[in-house]
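Engineer: Got a structure for you, questions after.
The values are calculated or read from the model by the stated rules, or taken from the named source; none is laboratory data. All values reported here derive from a predicted model rather than from experimental measurement. Cβ placement follows ideal geometry from the backbone for every residue including glycine, while neighbour counts extend to all protein chains displayed. Quick note on the areas: whole protein, heavy atoms, side chains included, nothing else; ligands and nucleic acids left out. Shrake-Rupley method; radii C 1.70, N 1.55, O 1.52, S 1.80 Å.
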Amino acid sequence: MQNRLSARWIPSFLATIITTSFVYAQQTVIPIETEQNALVLQTDGSKRVGISYFGTRLQQANEYALVTKESRQNDENSGISNSAYTPSGTWNLFEPAIRVTHADGNTSLELQYQSHQTQKVDDNVTLTTVVLKDPAYAVEVSLYYKTYRKENVVEQWSTIRNNEKGTITLNKYASANLYFVGQSFHLTHYHGSWAHEMNPETTELKAGILSLDSKLGTRANLFQPPSFMLSFDQKATEETGKVLLGTLGWSGNFKIDFETDTYNNLRVIAGINPHASEYPLTSGQELKTPSFIYTFSDHGKGEASRNMHRWARKYRILDGEGSRLTLLNNWEATYFDFDEQKLTGLFADGKKLGVDLFLLDDGWFANKYPRNGDNAGLGDWKENVKKLPHGLGYLVKEAQKAGVKFGIWVEPEMVNPKSELYEKHPDWVIKQPERPEHYFRNQLVLDLSNPKVQDFVYGILDELFTKNPDLAFIKWDCNAVIYNAHSEYLKNSKQADSKLYVDYVKGLYKVLERVRAKYPKVPMMLCSGGGGRVDYEALKYFTEFWPSDNTDPLERVFMQWEYSYFFPTIAHCNHVTDWGKQPLKYRTDVAMMGKLGYDIVVSKLDEKDFEFSKQSVETYKKISDLVWHGDLYRLANPRENEYASLQFVNENKSRSVWFTYMVSSRYGVGTGRPIVLKGLDPKKKYALKELNLYPGTKSSITPDAAYTGDFLMSVGFNPAANLKRTSVMIELTEVK
Ligand code: GLA
């Protein structure tokens, strides 16, 4: 038996190259490991690379090679289904990860192992690169696996390089191709629409292919997001079961295929949606695919999501470990109907409420076609002189005088046909020249594949910041999808129109890159008439996102719950509004589960409501570190109970904040019995204190109640939520 295990350390400027792979019976075995998990690649006799193992990390790496015989599925009649990047047009009979048309028109591709290397980026991060080549055509594919050891997260992408003399076309170009062995697989995916985002659906995967996809152009989600949970063997719960949480970092069309193979094992292929997106690569050109990010836990969905949160806060979301600004937004308070006087009054209201910032929403711009509704003015980013005769600079100063920061809404990628921008640059607009225009919210999308449009969009932000250096916040909206996908720019520069969907998103990232190079810190909210645009590529540039235009708190309990599996709550913007029938306390407590904001008319609050809101902002400031940086434990799922209950615990387990929200109003409902807490230190003793009581109400919790973590995590505690106490917020503090 030949079994060489080598570890070479070659220091270099940026990274250390290490080799932790080994050759076993002439086959190369490449373990890609995190602290708890491993994905193992292995070559076969034809130099094809397959996935031989995925799951809990083995104690002895050399035993990965022994897995092969048991689980590797390779037979001549059904093809090789465990390929690490399945090509098309040669031996493969399954869904491919890549399909190429060569310069000579040939459509076959074979990918053989060439080399691999593992670079230690730092103590926690490692990058494994596997190079594959077609022996007959000069096409090269590199697979990248970036592992975050402590967080148990893998970020995977690929690059495809054309070394042929002529142009090749990529018909499909996935980011990741995975293979899972298990007795059964349950997929939780999501569907929805505007104001109804993130409805989960769990399906047992049976024979055939289930695909999640979108073709919206400017965003991934509206009907379904590129995020899912996959349970192995049986349905995972919060605390038990093997579960993979996956999400694609791409703000446009995506496709994720789940294919059950002839052995009842599962193939997952995730990437940009190839639909209407054949991508040409000229000689020497390379395409980098977006990151597919995943984490695996054999202790249930709770642990998997905490893995993802820790990774996202530390490595991905802009200022993910920082703080956030509470704010007062004027959208639902004024819609398009405001002037300087009204706004300055609102600044004073913001100050009285105690929030950090006032956010001026839509309607502040355009003159020839004033933005007094959503049917005109979009694209004309000059202050409307009637509403704001003294300009934005004046407002920024007035806000500062009132004691709040000032932020502003923009929707820079879009245009109303009724605008000067449209009149001046019809060629900048995505539409079919021979067909009638088709609108989404009365607007069209600008062609971000065009560098001039990129300059224009960047210029909007740059001018705002240059003229108003104290501008403290941006809400970046995106309220339309791409219809009639056609680009005058690509046509004129003789590039394929089918590049538009991909080049749109790349163009957007170029703009965001430039904005962040010059303005690295200003917090920006990612909004898309709801949560459609949240993904981990966009969140490199944004500090937070708007989960839904639906701010009915009852609906929000469900939505925020589901979003929380994939995105940490520091990034969730939750506003208290007038939506829904719930009392103000309920609306506020639900909003506190993420980043608190207000979109109400403060001056219309009665005395008690105002007192309560003011106190809520103060309370939030005391507990926000837990919501932003703590570990989230889900205690009672609102879909399985008459209430939702969840808890945030700080790193050293000395403090926690615990929210319980009734989601049923049927006669006699309530928590009834203790809820078992999680994530505490069994040895520590915690004092329980109810927070955020509405003026004039009393807590049902005995003052000075204190219990050990052991007690609270075994017996539990009844927060006494019921129809009179529809939301309960409790703080736990270690008693020394
Ligand atoms: C979208 C956003 C809202 C608001 C409006 C303004 O619908 O989601 O919050 O900003 O646009 O037009």
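Engineer: Work out the FRET efficiency for Leu93 and Val676 from their Cβ-Cβ distance, taking R0 = 56 Å, and round it to the nearest 0.05. Numbers along the way, then the final one.
Structural biologist: On the way: r = 49 Å, r/R0 = 0.88.
For R0 = 56 Å, the calculated efficiency reads 0.70.
Engineer: Follow-up question, since we're still on this one. Would you calculate the separation in nanometres between label points at Gln114 and Ile209, each defined as 7 Å from the Cα along the Cα-to-beta-carbon direction?
Structural biologist: 2.7
Engineer: Okay, moving on. Could you please state how large a percent of the accessible area of the chain is carbon and sulfur, counting protein chains only and using a 1.4 Å probe?
Structural biologist: Values: 13820 of 28040 Å².
Carbon-and-sulfur percentage of accessible area, whole number: 49.
Engineer: Here's something else I'd like to know. Could you state the per residue volume, in Å³, of the convex hull enclosing the Cα atoms of the stretch 93-237?
Structural biologist: On the way: hull volume 25.6 nm³, N = 145.
Spelled out: Cα convex hull of the stretch 93-237, divided by residues, is 177 Å³.
Engineer: Hey, another quick one. Under a crude label model (7 Å from the Cα following the beta-carbon direction), how far is Lys452 from His275 in nanometres?
Structural biologist: Rounded to a tenth, the inter-label distance reads 3.1 nm.
Engineer: Under 14 Å from the Cβ of Ile269, count the other residues' Cβ atoms, weight Lys and Arg +1, Asp and Glu -1, and hand me the total.
Structural biologist: Values: positive: Arg99, Lys172, Lys255, Arg267; negative: Glu95, Asp213, Asp257, Glu259, Asp261.
Net charge around Ile269: -1.
Engineer: Measuring from label point to label point, each 7 Å out along Cα→Cβ, what is the Val23 to Thr697 span in nm?
Structural biologist: 7.1
Engineer: Now, a different point. Give the accessible surface of the stretch 595-736 per residue, rounded to a whole number of Å², with probe radius 1.4 Å and ligands, DNA and RNA excluded.
Structural biologist: Details: 6630 Å² over 142 residues.
Per-residue accessible area for the stretch 595-736 comes out at 47 Å².
Engineer: How far, in nm, would the chain grow between Lys614 and Lys581 when pulled straight, counting 0.36 nm per residue and subtracting the alpha carbon separation? Before the final figure, lay out the partial values.
Structural biologist: Details: separation 33, 0.36 × 33 = 11.88 nm, distance 2.09 nm.
Additional length available on full extension: 9.8 nm.
Engineer: While we're looking at this one, here's another question. Of all the Cα-Cα pairs you can form in the chain, what percent are over 42 Å apart? Don't skip to the end; give the middle numbers.
Structural biologist: Numbers: 87271 of 270480 pairs.
Value for the chain (Cα pairs over 42 Å): 32 percent.
Engineer: Given DSSP loops and a limit of at most 14 other Cβ atoms within 10 Å, what is the longest stretch of the chain that contains no such GluC sites (Glu not before Pro)?
Structural biologist: Details: sites that count: Glu35, Glu76, Glu239, Glu321, Glu434, Glu437, Glu640, Glu651.
Longest site-free region, per DSSP loop and neighbour criteria: 438-639.
Engineer: Given a 1.4 angstrom probe, what's the average accessible area per residue across the stretch 482-526, in square angstrom?
Structural biologist: Working: 1970 Å² over 45 residues.
Spelled out: the 1.4 Å probe surface of the stretch 482-526, per residue, equals 44 Å².
Engineer: Which loop chymotrypsin sites (Phe, Trp or Tyr not before Pro) in the stretch 186-276, with loop taken from DSSP, have no more than 12 other Cβ atoms within 10 angstrom of their Cβ?
Structural biologist: For chymotrypsin sites (Phe, Trp or Tyr not before Pro) across the stretch 186-276 that sit outside H, G, I, E and B with at most 12 neighbouring Cβ atoms in 10 Å, the list is empty.
Engineer: Still on this structure, please answer the following. Work out how much length Glu651 to Lys47 would gain on full extension: take 0.36 nm times their residue separation and subtract the Cα-Cα distance, in nm to one decimal.
Structural biologist: 212.8 nm is the gain from fully extending Glu651 to Lys47.
Engineer: A further question on this structure: Tell me which of Gly668, Gly530, Pro417 sits at the most positive position along the dipole axis of the chain, charges placed on C-beta atoms (Lys, Arg +1; Asp, Glu -1).
Structural biologist: Farthest towards the positive pole: Gly668.
Engineer: Oh, and also: How much net charge surrounds Val355 when only other residues with a Cβ under 12 Å from its Cβ are counted (Lys, Arg +1; Asp, Glu -1)? Don't skip to the end; give the middle numbers.
Structural biologist: Numbers: positive: Arg324, Lys351, Lys352, Lys405, Lys595, Lys614, Lys621; negative: Asp349, Asp356, Asp599, Glu618.
Result for the neighbourhood of Val355: +3.
Engineer: Rolling a 1.4 angstrom probe over the protein heavy atoms, how many square angstrom per residue are accessible across the stretch 185-299? The partial results should precede the final answer.
Structural biologist: Values: 3660 Å² over 115 residues.
Result: 32 Å² per residue.
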